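Each remark here refers to the structure printed beneath this line.
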Amino acid sequence: MQRVLSGVQPSGRLHIGNYFGALRHFVPLQDDYEALYCVVDLHAITTPQEPARLRAATLETAAAFLAAGLSPERATLFHQSGVPAHAELAWLLNCVVRVGWLERMTQFKDKTGSHREAASAGLYVYPALMAADILVYRAQKVPVGEDQKQHLELVRDIAAKFNHDWCDGEEYFPPPEPLIDAAGARVMSLRDGRRKMSKSDQGDAACIYLRDSSDDIARKLRRAKSDADALPSAEILGDSARPSAELLAARPEAWNLLGIWRAANSETWNDTLARFAGRGFSDLKNELTELLVEIVVPVGTEMDRLLADGDEIQKILARGAEKARALAEPVVRGAAERMGLLR
Ligand code: TYM
């Protein structure tokens, strides 16, 4: 059976971008693959975290996995730091990845901006840890949102270089493939349609969080940025199945709200545009509120219920980590041996 792996950082509250871009797609995969999903706490500490908040966010992220429909019987759910092999393999891969490759990572540049010198070294080598997360299980498929595409390409390069340099071309690490579903792969901020909706965005109004109430959702959508024109009709797409970069750039907020609708209702751009053509933002916002309340509030309510018993969530993670350790340890040992390290 093929393996899938994905991870979510416990660096803040989970939002609908995480849900539509990633979590929702994790669920059906648990039936067709050997699925491993981890709360990547070692990634979270690449930026400053308050310890008590990190612990709470780790449980909250695990609760979101469960509330979205993952089952600890069908998938292995665990916290990254519970499987030391991730950090061990990350070190080996730090010695494989080239500085020139890390230099090209746009997420590091976006996150650090002009404060590059003050960033942790961990943030810089973040993609090597991500490579370790995936390769330590030899996972073939990785469901993620669009923003992780470049990291996944780097993971493939790291795997290929390891195989080439240390394994005489034997495919010790298979190249993992990203699974990026076009619908919901890139949910943008409600306050600025050119920026990604992001956990680290502390501005509450920009994100719809999974634990938001129906009133929060209605209020945030009412205040979401819009523009002065009526919503476009399907003709604007021409022969294409999706809006071009030019269209997106001209009306980022309109396309974002329409895109959230399309992801939430699992429909094509054509159908979404046909539904709202010529109508105003307030219609879209009202209908989107109803749809999101229907989808998000049950997830948030289930998270609240699960979080009332944090010990139970910890037990699930501990059991998952034990299973994951058994899979990961021989792989990291094999990699170390190929590099010439003694047992
Ligand atoms: P993270 O924690 O930022 O996000 C978790 C998942 O949510 C997706 N996502 C989005 N999708 C659509 N629109 C958005 N606005 C949006 N924001 C986030 C992300 O693409 C991701 O799938 N580096 C990863 C975590 C990670 C990982 C891994 C992923 C660590 N190791 C191994 C896959 C495999 C990250 O920071 O995701």
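Table for the structure above
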read-out	value
Any hit, region 257-268, residues being surrounded by fewer than 20 Cβ atoms within 10 Å (Cβ to Cβ), of a type outside the set (S, T, N, Q) and within 27 Å of Ala35 (Cα to Cα)	yes
For Ala230: the one exception among (1) open to solvent by 60 Å² or more (accessible area, probe 1.4 Å); (2) out of contact with any helix residue (DSSP H, G or I) (no Cβ under 7 Å at 6 or more places or on another chain)	(1)
Qualifying positions in region 210-230 - away from the ligand (no atom under 15 Å from the Cβ) and outside any loop (DSSP other than H, G, I, E, B)	Ser214, Asp215, Asp216, Ile217, Ala218, Arg219, Leu221, Arg222, Arg223
The lone exception for Leu5 - which of (1) open to solvent by less than 20 Å² (accessible area, probe 1.4 Å); (2) within 12 Å of the ligand (Cβ to nearest atom); (3) not in a strand (DSSP E or B) it fails	(3)
Candidates Ala52, Ala75, Ala22, Ala35, filtered to the one that is open to solvent by 20 Å² or more (accessible area, probe 1.4 Å), modelled with pLDDT of 95 or more, hydrophobic (A, V, I, L, M, F, W, C) and farther than 17 Å from Pro298 by Cα	Ala52
Of residues in region 8-19 being at pLDDT 95 or above, more than 6 Å from the ligand (Cβ to nearest atom) and in a loop (DSSP other than H, G, I, E, B), the one farthest from Lys196 (Cα to Cα)	Pro10
From Glu171, Glu246, Glu235, residue being of a type outside the set (Ser, Thr, Tyr) and either surrounded by 15 or more Cβ atoms within 10 Å (Cβ to Cβ) or closer than 30 Å to Leu89 by Cβ (or both)	Glu171
Residues that are more than 15 Å from the ligand (Cβ to nearest atom) and part of a helix (DSSP H, G or I), drawn from region 30-52	Gln30, Asp31, Asp32, Pro51, Ala52
Lone qualifier among Arg333, Arg338, Arg343, Arg275 - being out of contact with any His (no Cβ under 8 Å at 6 or more places or on another chain), open to solvent by 70 Å² or more (accessible area, probe 1.4 Å) and touching a residue at least 40 places away in the same chain (Cβ under 8 Å)	Arg338
Residue within region 82-97 that is crowded, with 21+ Cβ neighbours inside 10 Å and either farther than 29 Å from Met1 by Cα or at pLDDT below 95 (or both) present	no
Yes/no for Tyr126 being modelled with pLDDT of 95 or more, of a type in the set (Phe, Trp, Tyr), open to solvent by less than 70 Å² (accessible area, probe 1.4 Å) and within 10 Å of the ligand (Cβ to nearest atom)	yes
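Residue by residue, here is whether (1) of a type in the set (D, E, K, R); (2) within 27 Å of His15 (Cβ to Cβ); (3) within 16 Å of the ligand (Cβ to nearest atom); (4) assigned by TED's automatic domain parsing to the domain that holds Val299 holds:
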{"position": "Glu146", "(1), (2), (3), (4)": "yes, yes, yes, no"}
{"position": "His164", "(1), (2), (3), (4)": "no, no, no, no"}
{"position": "Glu170", "(1), (2), (3), (4)": "yes, no, no, no"}
{"position": "Gly193", "(1), (2), (3), (4)": "no, yes, yes, no"}
{"position": "Lys199", "(1), (2), (3), (4)": "yes, yes, yes, no"}
{"position": "Ile208", "(1), (2), (3), (4)": "no, yes, yes, no"}
{"position": "Ser233", "(1), (2), (3), (4)": "no, no, no, yes"}
{"position": "Asp239", "(1), (2), (3), (4)": "yes, no, no, yes"}
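The values are calculated or read from the model by the stated rules, or taken from the named source; none is laboratory data. The structure presented is a predicted model; accordingly, all values stated were derived computationally and were not measured. Virtual Cβ from ideal backbone geometry, glycine too; neighbours counted across all protein chains shown. The protein model used for the area step is the full one, side chains on, heavy atoms only, and it has no ligands, DNA or RNA in it. Shrake-Rupley method; radii C 1.70, N 1.55, O 1.52, S 1.80 Å.
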